[in-house]
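One structure is given here, and the rest of the page talks about it.
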Amino acid sequence: MPPAPDTKPSPRAISLYYFGIFVMLGVYLPLFPSWLEARGVRGLAMGAIAATLPAMGLVAPPVFGFFADSLGVRVWLIRAACAGACAVFSLLALASALGYPLGFAWLFAAALAFSFFRSPMFTMADVVALETSQRSGIAYGRLRLWGSLSFALTAILAGALVDPARPLAFPATIASALLFAFLLSWALPAHGEAPSSRLGRSRRAEAKGDEGAARAPAAAGSVRQRARALLKSHDFRLFLAASFLAQSANSSYDLCYTLHLRDVGFPESLVGIAWAVGVAGEIALMASSGPLLRRFGPPALLAFAFAGASLRWALLSTVRFWPALLALQPLHAVSFAMMWIASLAYTKERAPPQILATAQGLFSASAGAGSVIGMLTWGELYKRGGGTLTFGVASITALLAFVLAITFARSARRPLSGSAVFSAGSQ
């Protein structure tokens, strides 16, 4: 169960931390492929390095989630992760400053280490935000949108100020952003993270017949038993499978979108703005997600999000007029923001509160597995057929996720309105 009320992070602290960690992503996602390409890393080699992030996302979130639920740790994991990730990019910046040659092996090892630390930075933040949302009545989307806002602003600035062709500029900027996130993590209080007190509160909640646990499988038992029972649920397994396919398709955007814009003649100075326009749509949807979830429920919104993603990738594969490509960017609100919000709403309502971090880890692992397959595929596909082939295959993959989501929506054991997580969407 969550810490005592006086030890819980405030909504403002959560929003501030989201702002900090997404500053790093605003530099990393748009510029990392170009920085690797400038180091001579292309094709399958680029895909292998980029795949370390989702690959570690496949392993780390369930492990960290189980550890967090069993021992009642949240914020200390976040702080340790920020420090570790900052150390990795500080070493990369130092090597670049000294002119040390960074071949594939060194870049792969650094990316793997960064990916290990990056996982709890975001997964645990979502868990803390969901717990804070339930306590404060402020919708999760209202907390998370500050991360999207910082991503948009940083993407614009990074596109104009950070030259990925310069060896030092990219790693030094990322290291600075991670140091900023580490400092902000100390705004999240951790003195209530005592395993014994957490376990004691959990037992008392079970004795009172905790309502959230009663809604999900395995209302009593250890974290391991509860998680195993949740995984046996047919609708939850379909949800994980659809998440796998959808995130596999979405990873084509993370890896190849900047390269695609360059190859169709998109002005280089506007690449950051293109990313920011997409995030602006994401922010708008997160701010108004509560009423949508209450009216339609997570399964229906997931199906709509996957259908929208399929349409978006199909258009990207065929459109060449760069102003039209810019006009397509608001579809990011559907293909990503709606998918993410609905997935968290489903996870929060479907899982007992005692295994929220574990359930969130299982969802993250499924999405991470999809990204691994995608990252290993899209780089080589782009090398062979450019954006037409890459985003065309991504569109088909998202369409398969839509089919699973329709099945999942029909087989869900109970209606999921999202009200427990997003009940204050209008606040």
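The values are calculated or read from the model by the stated rules, or taken from the named source; none is laboratory data. Everything quoted here is computed from the prediction, not taken from an experiment. Cβ placement follows ideal geometry from the backbone for every residue including glycine, while neighbour counts extend to all protein chains displayed. Ligands, DNA and RNA are excluded from the accessible area calculation, which covers all protein heavy atoms including side chains. Shrake-Rupley method; radii C 1.70, N 1.55, O 1.52, S 1.80 Å.
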Quiz item: Counting Lys and Arg as +1 and Asp and Glu as -1, each charge on the Cβ, what is the dipole of the range 63-187 about the Cα centre in debye, to the nearest 20?
Solution: 160 debye
Quiz item: Which loop-located trypsin sites (Lys or Arg not before Pro) does the range 227-261 contain, where loop means any DSSP state but H, G, I, E or B and the Cβ has at most 13 other Cβ atoms within 10 Å?
Solution: Lys232
Quiz item: In percent, how large is the relative contact order of the chain, given Cα pairs closer than 8 Å and 6 or more residues apart?
Solution: 31 percent
Practice problem: Using a 1.4 Å probe over the heavy atoms of the protein chains, calculate the carbon and sulfur portion of the accessible area of the chain as a whole percent. | Solution: 69 percent
Quiz prompt | Value at 222 nm in deg cm²/dmol, rounded to 500, when DSSP H runs of n ≥ 4 in the chain each add -39,500 (n - 2.57) | solution = -26500 deg cm²/dmol
Quiz item: Nearest 20 debye, what's the magnitude of the dipole of the chain about its Cα centre given +1 on Lys and Arg Cβ and -1 on Asp and Glu Cβ?
Solution: 1040 debye
Practice problem: May I ask you to list the trypsin sites (Lys or Arg not before Pro) in the range 297-356 that are in a DSSP loop and have at most 16 other Cβ atoms within 10 Å of their Cβ? | Solution: Arg320
Quiz prompt | Three-way shape call for the range 267-358 based on the alpha-carbon gyration tensor, with the a/c threshold at 1.5 | solution = prolate
Quiz item: Taking a 1.4 Å probe, which of Asp263, Asp126, Asp254, Asp163 shows the most accessible area, and what order do the others take after it?
Solution: Asp263, Asp163, Asp254, Asp126
Quiz item: What does the accessible area per residue of the chain come to in Å², with a 1.4 Å probe and no ligands, DNA or RNA counted?
Solution: 38 Å²
Practice problem: Can you tell me the alpha carbon radius of gyration of the range 231-273 divided by the globular rule-of-thumb value 2.2 N^0.38 Å? | Solution: 1.81
Self-check item: Loop-exposed chymotrypsin sites (Phe, Trp or Tyr not before Pro) per DSSP, neighbour cap 15 Cβ within 10 angstrom, longest uninterrupted part of the chain
Solution: 1-185
Quiz prompt | Taking N as its residue count, the alpha carbon Rg of the range 356-413 over 2.2 N^0.38 Å | solution = 1.42
Quiz prompt | Inter-part distance where the range 340-379 and the range 306-324 are each reduced to a Cα centre, Å | solution = 25 Å
Self-check item: Read-out Cα Rg over 2.2 N^0.38 Å, derived from the coordinates shown; its label in (1) 0.94; (2) 1.62; (3) 1.15
Solution: (1)
Quiz item: Given springs between every Cα pair under 10 Å in a Gaussian network model of the chain, which of Ala229, Ala357, Ala409 has the largest fluctuation?
Solution: Ala229
Quiz item: Quick one: what Rg and Dmax do you get for the range 44-134 from the alpha carbons, in Å?
Solution: 15.1, 50
